[in-house]
Every structure is written in structure tokens, then in C-alpha cells.
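Asks: Please see the structure below; I have some questions.
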Amino acid sequence: MICAIGAALAAILNKPRAVTAVTRAWGRGIIAVCGIKVEIEGPHVADKFLLDNVVSSGARFGMTGVRDFAPDRWLDEGEQVKVGELTFDILHCPGHSPGSVVFFNKDMRFAHVGDVLFNGSVGRSDIPGGDHATLIQSITDKLLPLGDDVSFICGHGPGSSIGQERMTNPFLTGAM
């Protein structure tokens, strides 16, 4: 899917290089070979150890055809990424992986949260460097303050809003 997004952006922007933003350094967050030249931005450098071992760690999850790589740019809290006319603020939200990042567009009240937060759930934290308490703290300290009106998409599954998750997500309401 990320490859399709990168190809679409390249076509829309009429540029040979498309920016591909990586929210985490494992599983579907990894960009390997997409058939077009992409500039890879992210995740946070804390995921470097995962990117250095994509081939071996991917094999444990049944992933084939991937390769180790380094992004063109590591992302840090407070930096920004531009995609076409849109600018996204970077929030470092460790927990799912140490280098997980969230992309937030304040004007649109929209975020891409990767596998940090889901509709009715939170990201898994059983991968190398993952930590459930850190994940919940990232959500509490960085995502909830964005405001209940912020809509988001996640790494997979249906999106939601911060307000909906604040009220109903069992990991945030204390039901779990």
C-alpha cells in the first residue's frame, strides 16, 4: 500500500522522487523495493537497530523480498515533513517500537498515527524495543492533548478520532 501511495504521489506531483514517510521500522512500516525511487523519511533514529536487521527480523514474521536500509532522513520530535502542499509536524511516540513517529497536520486536524493508536485498541508492544507502558504514555502525553476533534488514520484498520478513542478505547479508559 505504501508503494502505491508513493507511486501516486510521484505521479500527482510529477516528480521522479516521492517522499515516503515511515512511521516505524518493522513489519508493514518498512519500505523495501517499491519500483520507484523514493526518498525515505523516518522513523526516529531509535529504530535504527531494527532497520539494520530488516532481513533477519522480517524472516521471523514471514516477510521475504526485503532488504536492510537506512532512511534518507531520521525524524525527530518537532521537525516537519512536507508532502506536496501539506506540512506534518513530527511527534516521537515510542512504545510500539522505540522510534515510532506520528505525523500531525494542525490545520487539517488530522494525524497518521501508524501503529501507536487504533480504533478501539493500541499498537502491540511485543516487538524488540516495544514497551506497553511507554506506548500508553506516548498516547496520553502526545496524542490526547492534540484535541478530541483530531481525526486519524492508523497503520491498518479503520481510522477514528482522538475524542472517540478517549471515550471508548478500553486501553485509555482503564477498562483494560
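Quick grid of which residues meet (1) at pLDDT 50 or above; (2) among the basic types (K, R); (3) surrounded by 15 or more Cβ atoms within 10 Å (Cβ to Cβ); (4) within 30 Å of D107 (Cα to Cα):
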{"residue": "M1", "(1), (2), (3), (4)": "no, no, no, yes"}
{"residue": "V33", "(1), (2), (3), (4)": "no, no, no, no"}
{"residue": "D52", "(1), (2), (3), (4)": "yes, no, no, no"}
{"residue": "G58", "(1), (2), (3), (4)": "yes, no, yes, no"}
{"residue": "H96", "(1), (2), (3), (4)": "yes, no, yes, yes"}
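Asks: Within region 56-104, take every residue that is within 20 Å of G129 (Cβ to Cβ) and touching a residue at least 60 places away in the same chain (Cβ under 8 Å) and give me the one that is farthest from the chain's Cα centre (by Cα).
Replies: It comes out as S57.
Asks: Next question. Return a yes/no flag: does region 116-125 have any residue that is at pLDDT 90 or above, out of contact with any Gly (no Cβ under 7 Å at 6 or more places or on another chain) and farther than 24 Å from G174 by Cα.
Replies: No, the conditions are met nowhere in region 116-125.
Asks: Another one. Would you check if I136 is surrounded by 16 or more Cβ atoms within 10 Å (Cβ to Cβ), free of Cβ contacts under 8 Å to residues at least 60 places away in the same chain and out of contact with any Asp or Glu (no Cβ under 7 Å at 6 or more places or on another chain)?
Replies: On the way: surrounded by 16 or more Cβ atoms within 10 Å (Cβ to Cβ): yes; free of Cβ contacts under 8 Å to residues at least 60 places away in the same chain: yes; out of contact with any Asp or Glu (no Cβ under 7 Å at 6 or more places or on another chain): yes.
It is true that I136 is surrounded by 16 or more Cβ atoms within 10 Å (Cβ to Cβ), free of Cβ contacts under 8 Å to residues at least 60 places away in the same chain and out of contact with any Asp or Glu (no Cβ under 7 Å at 6 or more places or on another chain).
Asks: When residues of region 81-133 are filtered for being among the polar types (S, T, N, Q) and in a strand (DSSP E or B), how many remain?
Replies: Residues that pass the stated criteria total 3.
Asks: Let me ask something else. Hey, does region 141-154 have a residue that's of a type in the set (D, E, K, R) and closer than 18 Å to P98 by Cβ? First the steps, then the outcome.
Replies: First, the residues of region 141-154 that are of a type in the set (D, E, K, R): 141-142, 148-149.
Adding the requirement that they be closer than 18 Å to P98 by Cβ leaves 141-142.
Yes; the residues of region 141-154 include at least one that is of a type in the set (D, E, K, R) and closer than 18 Å to P98 by Cβ.
Asks: Would you please list the contacts, defined by Cβ atoms under 9 Å and residues six or more apart or on different chains, that run from a residue in region 139-151 that is modelled with pLDDT under 95 to a residue that is surrounded by 12 or more Cβ atoms within 10 Å (Cβ to Cβ) and not in a loop (DSSP other than H, G, I, E, B)?
Replies: none
Asks: Still on this model: Restricting to region 105-114, name every residue that is without any contact (Cβ under 8 Å) to a residue 60 or more places away in the chain and either basic (K, R) or touching a Gly at 6+ places or on another chain (Cβ under 7 Å) (or both). Spell out the reasoning first.
Replies: Keep residues of region 105-114 that are without any contact (Cβ under 8 Å) to a residue 60 or more places away in the chain, which gives 105-111.
Selection gives K106, R109.
Asks: Quick one: L75 ticks every box in (1) in a loop (DSSP other than H, G, I, E, B); (2) surrounded by fewer than 20 Cβ atoms within 10 Å (Cβ to Cβ); (3) aliphatic (A, V, I, L, M) except a single one, so which number is it?
Replies: Every listed condition holds for L75 apart from (2).
Asks: Checking L172 against (1) touching a Lys or Arg at 6+ places or on another chain (Cβ under 9 Å); (2) in a helix (DSSP H, G or I); (3) closer than 16 Å to H92 by Cα, only one condition comes out false. Which one?
Replies: The one condition L172 does not meet is (3).
Asks: Among what's in region 139-169 and is charged (D, E, K, R) and part of a helix (DSSP H, G or I), pick the residue that is surrounded by the fewest Cβ atoms within 10 Å (Cβ to Cβ).
Replies: Start the filter on region 139-169 by keeping residues that are charged (D, E, K, R), which leaves 141-142, 148-149, 165-166.
Next, from what is left, pick out any that are part of a helix (DSSP H, G or I): 141-142, 165-166.
Numbers: D141: 11, K142: 19, E165: 25, R166: 16.
Among residues in region 139-169 that are charged (D, E, K, R) and part of a helix (DSSP H, G or I), the one surrounded by the fewest Cβ atoms within 10 Å (Cβ to Cβ) is D141.
The values are calculated or read from the model by the stated rules, or taken from the named source; none is laboratory data. These numbers were taken from a predicted model, which means no experiment stands behind them. Every residue, glycine as well, gets a Cβ built from its backbone with ideal geometry; the counts of neighbours run over all protein chains shown.
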